[in-house]
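Taking it in order: structure first as structure tokens, then the write-up.
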Amino acid sequence: MSDSDSFIDEVTEEVRRDRLFAMFRRYGWIAAVAIVAIVGGAAYKEYSAAQNRQAAEALGDSITTAMQANDAAGRAAELSTVTAESPGGNAVVEFSLAAAQAEAGNTSSAVATLNAIAVNGEIPEIYRQIASFKALILQAGDESTIDERRTGLQALAQPGNPLRMLAEEQLALLSLEQDDTEAAIAKYQEILQDAETTSDLKQRATQAIVALGGKPEAVPGSQG
């Protein structure tokens, strides 16, 4: 290689370095911003996770403290002062509150608490359905709510609802509450024939039919 070629190569390399440095000076801030965003995002995620853990622990401690009251009325009073930062956390508190209110004999307050959960669109539907189901159960024996309970249970007994079979069983009990033995037996027979009925529910339905003077119908495909 001649001296002139070597000189040209050195100049070319120098020009390349100058261009590279110029690009860094011109566009390097983009990389810097990207790095800061990535690092900042990771830090914020960790911070948020830590905050969520702290909030969950604080809520758990508050509920535990409230549940240590000597009687159900005291637990209900303590739980009524507990608040959460998220809809899900509030649902946990309200379920616990409703249980304490029911145990204390304050059924109307328990039903109101559960109904508030049932209409809260910020929490998953399954929890709203459970709250509605529990509220309907608590009203058993109240003649003034029979039509309302039947409507609510029929809504929960729709195909695809995870509480469908439990709602069907409650509809049978509602017929018994109205002294309609024939309708109750018919509903229990339907439960026996339903493919989604669990073994425990089948046993309860069979026992109820026999106790009511009926004869359980054979389930299609069963033996014996």
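Just to confirm my filter: which helices (runs of 4 or more DSSP H) fall fully inside region 112-222 and include at least 2 residues that are charged (D, E, K, R) and under 22 Å from Leu97 (Cα atoms)?
Numbers: elements: 125-138, 146-156, 164-177, 181-193, 199-211.
Passing ranges, in order: 125-138.
Yes or no: region 90-98 includes at least one residue that is surrounded by 14 or more Cβ atoms within 10 Å (Cβ to Cβ) and closer than 28 Å to Gln178 by Cβ. So that I can check it myself, show each step before the final result.
Here is the first cut: in region 90-98, the residues surrounded by 14 or more Cβ atoms within 10 Å (Cβ to Cβ) are 90-98.
From what's left, closer than 28 Å to Gln178 by Cβ: 98.
Within region 90-98, one or more residues are surrounded by 14 or more Cβ atoms within 10 Å (Cβ to Cβ) and closer than 28 Å to Gln178 by Cβ.
Looking at Ala91, is it modelled with pLDDT of 90 or more and not acidic (Asp, Glu)?
Values: modelled with pLDDT of 90 or more: no; not acidic (Asp, Glu): yes.
No: the conditions fail for Ala91.
Quick check on region 100-109. Is at least one of its residues in a helix (DSSP H, G or I), of a type in the set (Asp, Glu), at pLDDT 80 or above and more than 30 Å from Gly160 (Cβ to Cβ)? I'd like the intermediate steps shown before the answer.
Taking region 100-109 first, the residues in a helix (DSSP H, G or I) are 100-103, 107-109.
Keeping just the survivors that are of a type in the set (Asp, Glu) gives 103.
Adding the requirement that they be at pLDDT 80 or above leaves 103.
Checking the rest, the ones that are also more than 30 Å from Gly160 (Cβ to Cβ) come to 103.
Taking every residue of region 100-109 in turn, at least one turns out to be in a helix (DSSP H, G or I), of a type in the set (Asp, Glu), at pLDDT 80 or above and more than 30 Å from Gly160 (Cβ to Cβ).
Taking region 180-208 as the region of interest, how many residues are acidic (Asp, Glu), open to solvent by 40 Å² or more (accessible area, probe 1.4 Å) and under 32 Å from the mean Cα position of the chain (by Cα)? Spell out the reasoning first.
From region 180-208, those acidic (Asp, Glu) are 180, 182, 190, 194, 196, 200; that's our starting set.
Still in the list and also open to solvent by 40 Å² or more (accessible area, probe 1.4 Å): 180, 182, 190, 196, 200.
Of the ones still in play, those that are also under 32 Å from the mean Cα position of the chain (by Cα) are 190, 196, 200.
Summing the residues that are acidic (Asp, Glu), open to solvent by 40 Å² or more (accessible area, probe 1.4 Å) and under 32 Å from the mean Cα position of the chain (by Cα) in region 180-208 gives 3.
Exactly one condition in (1) crowded, with 16+ Cβ neighbours inside 10 Å; (2) closer than 30 Å to Asn90 by Cβ; (3) not small (Gly, Ala, Ser) is not met by Pro124; state its number.
Tallying (1) crowded, with 16+ Cβ neighbours inside 10 Å; (2) closer than 30 Å to Asn90 by Cβ; (3) not small (Gly, Ala, Ser), Pro124 fails exactly one: (1).
Does Ala116 qualify as being touching a residue at least 12 places away in the same chain (Cβ under 8 Å) and surrounded by 13 or more Cβ atoms within 10 Å (Cβ to Cβ)?
Details: touching a residue at least 12 places away in the same chain (Cβ under 8 Å): yes; surrounded by 13 or more Cβ atoms within 10 Å (Cβ to Cβ): yes.
Against the criterion (touching a residue at least 12 places away in the same chain (Cβ under 8 Å) and surrounded by 13 or more Cβ atoms within 10 Å (Cβ to Cβ)), Ala116 qualifies.
Restricting to region 156-179, and then to whatever is more than 24 Å from Gly213 (Cβ to Cβ) and open to solvent by 60 Å² or more (accessible area, probe 1.4 Å), can you tell me which residue is nearest to the chain's Cα centre (by Cα)? Write out each step before concluding.
Of the residues in region 156-179, the ones more than 24 Å from Gly213 (Cβ to Cβ) are 156-164, 166-167.
Next, only the ones that are open to solvent by 60 Å² or more (accessible area, probe 1.4 Å) stay: 158-160, 162, 166.
On the way: Gln158: 19, Pro159: 20, Gly160: 17, Pro162: 13, Leu166: 18 Å.
Residue satisfying both the conditions and the ranking: Pro162.
If you go through region 74-89 one residue at a time, how many are touching a helix residue (DSSP H, G or I) at 6+ places or on another chain (Cβ under 8 Å) and open to solvent by 50 Å² or more (accessible area, probe 1.4 Å)?
The total comes to 6.
The values are calculated or read from the model by the stated rules, or taken from the named source; none is laboratory data. The structure displayed is predicted, hence computed values, not measured ones. With ideal geometry, Cβ positions are generated from the backbone for all residues, glycine too; neighbour counts draw on all protein chains shown. Surface accessibility is based on the protein's heavy atoms, side chains included, excluding ligands, DNA and RNA. Shrake-Rupley method; radii C 1.70, N 1.55, O 1.52, S 1.80 Å.
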